[in-house]
Every structure is written in structure tokens, then in C-alpha cells.
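Heads up, the thing below is written out as C-alpha cells.
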Amino acid sequence: MSDEACEIILQPIGRRIELPAGVTILDAARQAGVELVALCGGEGVCGACRVRLMQGPLSPHTLTETDNLSDEDLAHGYRLACQAQVLGPVRLDIPPESLTTPQRLQLEGQDASLELAPVVTPLEVEVPQPSLDDLRSDLTRLTEAVAGLTPGALTFSRCVLADLSVKLRAHNWRVRLAIRQNEVVAVLPPHSPLYGLAVDVGSTKLAAYLVNLETGHTAAKLGAMNPQIAYGEDVISRITYANEHASGGSTLQARLVETLNQLAADLCAQSNIEIDQIVEAVVVGNTAMHHLFTGLPVRQLGVAPYVPAVSEAMQFPAREVGLKFAAGACVYLPPNIAGYVGADHVAMLLGASLIETPQTVIALDIGTNTEISLFHQGRHWSCSCASGPAFEGAHIQFGMRAAPGAIERVRIDDSEVQVYTIGEQPAVGLCGSGILDVVAELLRARLLDARGVLKGSHPRLRPNGSKTEFVLVRGEQSGVDRDVKVNRSDINEIQLAKGAIRAGIETLLAVAGIDDQVIDRFVVAGAFGTYLDLESAIRIGLFPDLPRDRFQQVGNAAGSGARRLLVSSRERQVADEIVKQVEYIELAGHLAFTSVYMNALAFPSA
């Protein structure tokens, strides 16, 4: 084994580790605290530890791999983790079935009562059977059977007509039609409930909801990691991938659609329904995710002035992008506000019931790109800030996403350090809420100054070459057999992220001519916003110091908004109005932003 250290990046977990070249992927994952399925103990017999090479050199395929993996798998970069050795810096994608434990995904949001106005409605029909005396076509006898039951003549797409004759006969000439604006999108067995799929496509995670369109009830919900992570952790790197590879955009689209189809199939299996009962879908995401999903160009999103190809609401047949729902099912996407304030932010505002609020409200969804809105005296301003993936564990030496073994809470008391991990497993790294807590606790214990420099005296504070580091969990107690720690570089990453978010908030307040004490409600949405500790967020200066009862953590409000858009055509009209009324502030062009950002980088004095 070589002594040369290689960086090994394990996605979508977000773990990084440096190990000598020659180590197997399975051993590297174990040392990084990422548990892969290895039913045979790493002997190469079970073929369960499949991973996908995205970048970098690995050893040649072994005979075991060529026996266990198909030619298609090998062509797409799949390897067996127990067989493949790392020969240099690599980036790997681990499919969900190769992980022993799933990551924590935020699906819950606030659901307000809503009067249903679905776009797709059902119609029960009994069609006269053909005979030697009645040779009308199947389409003719169906359209004549429904004459007078709908406000206009029905239309049928070719893909719906392709199954019409089979379905009429299979169900003894009694069927249920799913009708969308006088177009028949599905021909179903009698009394089949109509369902819709609402999806929040985050840069990191996906949240999917199967909704009964006739009752508004959410029948099932599932989450998954966004498979595009394997091609880049943030939207900028994915835009770059799409631009620099001839089929980059279509590759990113195909991977996402593949995962959405699997989520839909799993949801239907949970609910004991057929996939063709999904007759409508709503997809929300930031502008880059929106464009990559729909196949729109993204090059212009990566250069100033960051203009979207399309900001208006979109709808098109689901099958155009490869979604395998009802034959004529459509996908609706609400409008985007700007290049980096997307349809997911519109959905979040709907889901959090913030439209036409009489209060002064700040609402934000923290992610690699944080989108912020301010409502004040009938006006609505919005901006986005490049907060980066630090709060999701990226660029932190022991950072990781929320999975078993991730430290999510920290308390420093005198010489003691208490950590709480997801699943109460031995610590293997820190997720976003844990990183936030560490910095807040170091500030509270006066072990960190306003510049982000570790200082003072503590049994866990120690020099390491030119760096000072703080040990959270000693190696003998961790799940990776080495100390889990943070250093100044890690803390600086948090400074950059919190500085960008706080500067965005302060800029919007300055545009409105108010200070933070005027804020009536401070709404925090999204997965990170759900699990963060408010006291820690305030202590590091991420949020203004307001009375705690003004803060509201609303979970996945974008997912809630997507469900509202799925069951109500009126909500779609409201979404259009939001985009017409919002005043978008481009921070890069705001004269005072740079100085506000520089001030926001410092931590509050103890």
C-alpha cells in the first residue's frame, strides 16, 4: 500500500477522508463511518456493496466484479467496494440500497386547511358495447356516452388512445375517466381514486408526497437523496457539469427522473394503488433544479446577470421528461422569481401561509443557496445568498449529512463535552445542526473570539502543527477509531455561510428602511431549519436576537406548498400573483452589500 494520501469523497453522505492509496473502498467507507451493505463480510461473494465511480482512478476490475456486475453496470462505472482499490483522489456515489442505514430526510411541514379545486376531476362512464348492428369506433361510442356530461367536447392524446380499447374491454365497458381541462388523461377501472404526486426537488434531498386529489389527503410520503449530488454538491458545480459535458444536462435530468419514478413506484406500492392512478404532478425546486429537470439550458444561470430561461409557470406531459405515470398525466411547475429564487421559494411561501400577511415577516429556507423574503406594509422583497453547503457538512473535515452517528447536539461544560448523535450511535462526524452547536458552545465557553480564532484553555483544546483544534469525541469513543474534532478552517466555513445569510437578511431590512426589532415573525423552513437550535443560531449571529416566540420553524414548507398547488387551481393563480408582486433584490448589485457582508462575518462578542 502506498503512503500517498488520497482524498476519498463519499456521496450522497457528504463524508470525506484521506487515506493511503491502495485501500479498498469498503475499508475507506468503514474508516469514514459510512456503513455499506457487505453481507459476505467483504469477500466479494454477495455483490451487495455496489458503488459508482464518478471521478478518479481505481484499480482494474477483478474477476469477481465482472462475474457479479452486468456489462451495463460496468459501463456506467459501478464497482464492488470490497474489490476496488483507490489509486488517487476519487469521488464515489453510493446508491441507497448499498447503505445499511438511511439518511434523515425532512418530509413534515405544516398543513393548513384548503378548499379543494383540483385540476383533474373524475367522471364515471358506462359505454354501450359494440355489436354487428353497432360498429361505431370505441372512441366514438365513448365520446357519445359522455355527451352532455362535460362542459365541452373531450380530447384525447395519442398515448391515451393507445390503451383505450384494451381498457374498455378489460373493465366490461365501465370506466372512470380522469379529465384535465376537457382532456382525458387516464382511463381507469370504475371508482378508482385519482392521485397526484407533489415533489420538492432540493439540491441535496427530494421529498415526494402521494396525494388523493378527491380528498386532499396525503396517502404516503417518501424522501431520497438527490442523485445529482454525485455530479456536484451545489447548483454552481452542476451548472458547470452541464455546460462542460456534451450530454451533461441530459445526464443530470435522467438521473433525477429515474429517482422520481422509483419514488412514485414505492409510494404506489405503499398505498396499494396502480401507477396510472397518478394523473397529475407538481414539481418545485430552485431555478437551477427547475431548469435541469425540465431540460432547459442552464449556462445563463452561471454568469451575470443570472437570468432564467423561463420564469413563467410551466406545464407539459409527464412522459415528455420520462415520468411513468398515467398516459396523459401532466407536470405543473410554479413560476420562478429570479435566477436564484426559484419555484420552491414560491411554494414555501404558500406552504407557510405567508401570502397577504399584515405582519412584518422574514421567511427563509436555508440550503446551499438560501432564499429570503421580507413582507412589510403590503410590500414583498426577496433575495438569495450563496450560503454554500457548510451547514450540510461539506468542506468540514468531519462534516457529513444527517445520518446515524452524526453529532447533532453539543454541550461544553467546564472540562466536559457532551455530544448527542442521530440514532444514539458512536460519533462518526457532524451534521449541520451539530456544527452550529459546536461554534455556539465554543463562543459561550469563551474558547472562540469574534474572528473565529480558537483561544483559551480547555482539556480538549490542543495544537496540531500550525493549527489549533478542539476534540469533541476521543478516538476510543468514536465510531471511526480516531478523534472527531473541529479546527479554525471548519469554523471559517461556518462564518462564510452565516455571514452570507445574515447579510441577506440585513440587506432586505435596509431596503425596507427598518431594523430587525420590527420583525413580528421570523419563519425558518427546510430540513436544516427544522433541526437547528434557535439559541445556537442567535448566539453565532445567524439570526437576529429577537424574542423567541417570534420564531417559527415550519419544516418542509415547500413540500406543503407543492401539495397545495396539486389540489387547488386557485393556489396556482396565487403563485402567479406572488411573482408579479415580489421585488427581487440582486445582492451582487446592491451598493452596501459588501460592507454588510464583511460585518456579518464576525461572531458576536461574548
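Observations on the model:
- Scanning region 357-385 for residues that are within 14 Å of residue 519 (Cα to Cα) and of a type in the set (Val, Ile, Thr) yields 357, 360, 361, 362, 372.
- The lone exception for residue 182 - which of (1) at pLDDT 95 or above; (2) more than 22 Å from residue 402 (Cβ to Cβ); (3) touching a strand residue (DSSP E or B) at 6+ places or on another chain (Cβ under 9 Å) it fails: (1)
- Only residues that are among the polar types (S, T, N, Q) and under 18 Å from residue 259 (Cα atoms) were counted across region 184-228, and they come to 4.
- Filter result (out of contact with any Asp or Glu (no Cβ under 9 Å at 6 or more places or on another chain) and not in a strand (DSSP E or B)) within region 404-415: 414, 415
- Residue match in region 210-226 (condition: closer than 26 Å to residue 302 by Cα and touching a residue at least 60 places away in the same chain (Cβ under 8 Å)): yes
- Filtered residue count, region 159-184, keeping only those that are touching a residue at least 24 places away in the same chain (Cβ under 8 Å) and not in a helix (DSSP H, G or I): 12
- The single condition among (1) surrounded by 15 or more Cβ atoms within 10 Å (Cβ to Cβ); (2) over 24 Å from residue 546 (Cα atoms); (3) not aromatic (Phe, Trp, Tyr) that residue 423 does not satisfy is (1).
- Screening 600, 592, 562 for residues that are touching a helix residue (DSSP H, G or I) at 6+ places or on another chain (Cβ under 8 Å) and farther than 30 Å from residue 439 by Cα leaves exactly one candidate, 562.
- Meets criteria (crowded, with 18+ Cβ neighbours inside 10 Å, assigned to a helix (DSSP H, G or I) and not small (Gly, Ala, Ser)) for residue 543: no
- For region 249-290, the set of residues classified as closer than 25 Å to residue 386 by Cα, in contact with a strand residue (DSSP E or B) (Cβ under 9 Å, 6 or more places away or on another chain) and in a helix (DSSP H, G or I) consists of 256, 287, 289, 290, listed by residue number.
- Listed here are the strands (runs of 3 or more DSSP E) enclosed by region 338-390 that have at least 1 residues being outside the structural domain of residue 401 (by TED's automatic domain parsing), surrounded by 23 or more Cβ atoms within 10 Å (Cβ to Cβ) and among the aliphatic types (A, V, I, L, M): 361-365, 370-376.
- Of the helices (runs of 4 or more DSSP H) entirely within region 546-606, those holding at least 1 residues that are closer than 12 Å to residue 350 by Cα and β-branched (Val, Ile, Thr) occupy 569-581.
- Subset of region 200-242 [under 16 Å from residue 326 (Cβ atoms) and buried (at least 24 other Cβ atoms within 10 Å of the Cβ)]: 210, 211
- When the helices (runs of 4 or more DSSP H) confined to region 1-97 are screened for residues that are closer than 18 Å to residue 400 by Cα, those reaching at least 3 such residues are found at 25-31.
- Lone unmet requirement of (1) in contact with a strand residue (DSSP E or B) (Cβ under 6 Å, 6 or more places away or on another chain); (2) of a type in the set (Lys, Arg); (3) not in a strand (DSSP E or B) for residue 221: (3)
- Pair list, Cβ under 8 Å, 6 or more apart: region 12-28 residue at positive phi, other residue assigned to a strand (DSSP E or B): 14/399; 22/85; 22/86
- Scanning region 137-176 for residues that are closer than 13 Å to residue 124 by Cα and either among the β-branched types (Val, Ile, Thr) or not assigned by TED's automatic domain parsing to the domain that holds residue 127 (or both) yields 143, 146, 150, 175.
- When residue 278 is tested against the conditions (1) more than 23 Å from the chain's Cα centre (by Cα); (2) closer than 22 Å to residue 116 by Cα; (3) at pLDDT 95 or above, the lone failure is (1).
- Scan of region 469-486 for residues that are surrounded by fewer than 16 Cβ atoms within 10 Å (Cβ to Cβ) and at pLDDT 90 or above, ordered by number: 474, 475, 476, 477
- Residue that is modelled with the lowest pLDDT [pool: residues in region 9-34 that are surrounded by 17 or more Cβ atoms within 10 Å (Cβ to Cβ) and either assigned by TED's automatic domain parsing to the domain that holds residue 482 or out of contact with any strand residue (DSSP E or B) (no Cβ under 7 Å at 6 or more places or on another chain) (or both)]: 13
The values are calculated or read from the model by the stated rules, or taken from the named source; none is laboratory data. Computed from a predicted model, the values in this text were never measured in an experiment. No Cβ is skipped: glycine too gets one built from the backbone with ideal geometry, and neighbour counts run over all protein chains shown.
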